[in-house]
Ligand code: ADP
Ligand code: MG
């Protein structure tokens, strides 16, 4: 069997007998690229073409003339005589053509440990279990049973972000956009009950009495508190699933590309507990690229930088796979913490997390006007006097505070570009680098990144919902689903 390396295009021969049924990870010996090889299933012999029956001239039973016969029960696949109701002829119904099997290869960030097939030929570890959910229906995302159930249930795409959770329902679009926050009340120090989720819970942050806690169950893009995350997901899903409680939906969830197998499992289990029939994961940069409308299946450099609350995901995508990527746990939340630290260091003032975020959103600017910067009034707590005070902060100071985080993002972008084959990097000028995620709304961020990298940079149209839109598009298209969803 001939295999071509997706990166250097070198051709290799692999003995098909050495490829296990579930496929195998391989490494190209000349260039070191890793990719996944699927076993080619032998094609079934072509179906014999049925010779059409001779045209009818008259009913065989009552000898009614053909001119008066009509195919009455076409949907039941036969023609019936009008006069005597005798079944006369089978009607061939057109069959949908079977889809071409897709040879899928993934890039540097292929899941699990990669093995050099050409050297070792070792089979992939049997980690498929539920992680490879589509394998339950033979690798096809929509079997007949699934199609039937999907008709009644609302399959959903979820962007389970550190800061915001968005839900997209098939045939309906984005139906939920809430903060990823849960507030619960402790009962006698033992049990607890959820009092609010989403935006209502976020408003409570930092203002709750001692027996009520408002927390964010997601940290750094992954589940930090499994139980609370499950409750939050449950509450959101209940909100959008009111009308179809009996049919469980399939869910596709966007996760950071750098998360561990344990973290992937935690996301899947949370969704299963929240009532999912099957859970699929898609990496955030892939969903972001699809949502931003990049031509991900073409052989060009599609570079996306998703800067959310907990993580920044940088990836180059080509031919439907991730060629190179990097996920760093520095993003909007780190910027808020940096503003908080800066104010404490410079003015000896303490402000809350929400105030720091508000400062970033209101006057944050990657290239502020140094002569006449924007200013904002901030309410804080003076450490020395121990009293609440009001002070003024300007955009240049905020820029100074978040300098380290901006540089970390630039470094990640440069690293990914370095790891991308030069042939591909040369095409980045065509599509430009696309910024998604909430921090993409930081003023002049595109200008700053374009100046530091020397490449064209643009912000996606609606950076906060690009990932969920991309995951939703994947849910709607079976071909895209097969190509990009992690199995
Ligand atoms: P996640 O996917 O992790 O939930 P999002 O993509 O929803 O993150 O982005 C949330 C982050 O974007 C937060 O840190 C928030 O403060 C930040 N953010 C939202 N709007 C703006 C803005 N106008 N300027 C700067 N940062 C913003
Ligand atoms: Mg996000």
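The values are calculated or read from the model by the stated rules, or taken from the named source; none is laboratory data. Being a predicted model, the structure only gives us computed values, none of them experimental. When we count neighbours, we look across all protein chains shown, and the Cβ atoms used for this are built from the backbone with ideal geometry, even at glycine.
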Within the stretch 215-227, the count of residues that are more than 16 Å from ligand 1 (Cβ to nearest atom) and either part of a loop (DSSP other than H, G, I, E, B) or touching a residue at least 24 places away in the same chain (Cβ under 8 Å) (or both) comes to 1
Residues satisfying the stated conditions in the stretch 187-199, i.e. without any contact (Cβ under 8 Å) to a residue 40 or more places away in the chain and surrounded by 15 or more Cβ atoms within 10 Å (Cβ to Cβ): 192, 195, 196, 197, 198
Check the stretch 333-348 and report whether any residue there is under 19 Å from residue 436 (Cα atoms) and away from ligand 1 (no atom under 16 Å from the Cβ). no
Can you name the residue in the stretch 291-329 that is outside any strand (DSSP E or B) and within 14 Å of ligand 2 (Cβ to nearest atom) and is also nearest to residue 481 (Cα to Cα) among such residues? 291
Quick check: anything in the stretch 273-282 touching a residue at least 40 places away in the same chain (Cβ under 8 Å), in contact with a helix residue (DSSP H, G or I) (Cβ under 8 Å, 6 or more places away or on another chain) and in a helix (DSSP H, G or I)? yes
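Listed here are the residues, each with its yes/no results for (1) closer than 20 Å to residue 309 by Cα; (2) assigned to a helix (DSSP H, G or I); (3) over 16 Å from the mean Cα position of the chain (by Cα); (4) at pLDDT 85 or above.
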residue: 213; (1), (2), (3), (4): no, no, yes, yes
residue: 232; (1), (2), (3), (4): yes, yes, yes, yes
residue: 242; (1), (2), (3), (4): no, no, yes, no
residue: 253; (1), (2), (3), (4): yes, no, no, yes
residue: 268; (1), (2), (3), (4): no, yes, no, yes
When the stretch 166-177 is checked residue by residue, the ones that are more than 26 Å from residue 204 (Cα to Cα) and surrounded by fewer than 16 Cβ atoms within 10 Å (Cβ to Cβ) are 171, 172, 173
Find the residue count for the stretch 465-487, including only residues that are surrounded by 20 or more Cβ atoms within 10 Å (Cβ to Cβ) and either within 16 Å of ligand 1 (Cβ to nearest atom) or under 24 Å from residue 425 (Cβ atoms) (or both). 9
Residues that are over 24 Å from residue 472 (Cα atoms), surrounded by 16 or more Cβ atoms within 10 Å (Cβ to Cβ) and within 16 Å of ligand 1 (Cβ to nearest atom): does the stretch 274-286 have at least one? no
Residue in the stretch 411-433 that is assigned to a helix (DSSP H, G or I) and within 16 Å of ligand 2 (Cβ to nearest atom) present: yes
If we keep only residues of the stretch 350-361 that are surrounded by fewer than 16 Cβ atoms within 10 Å (Cβ to Cβ) and assigned to a helix (DSSP H, G or I), then the residue nearest to ligand 1 (Cβ to nearest atom) is 361
Regarding the stretch 178-186, can at least one residue be identified that is within 15 Å of ligand 1 (Cβ to nearest atom), closer than 18 Å to residue 291 by Cβ and surrounded by 21 or more Cβ atoms within 10 Å (Cβ to Cβ)? no
Members of the stretch 434-476 found to be touching a helix residue (DSSP H, G or I) at 6+ places or on another chain (Cβ under 9 Å), in a helix (DSSP H, G or I) and without any contact (Cβ under 8 Å) to a residue 60 or more places away in the chain, listed by number: 446, 452, 453
Complete set of residues in the stretch 242-273 that are within 16 Å of ligand 1 (Cβ to nearest atom), surrounded by fewer than 22 Cβ atoms within 10 Å (Cβ to Cβ) and farther than 30 Å from residue 425 by Cα: 263
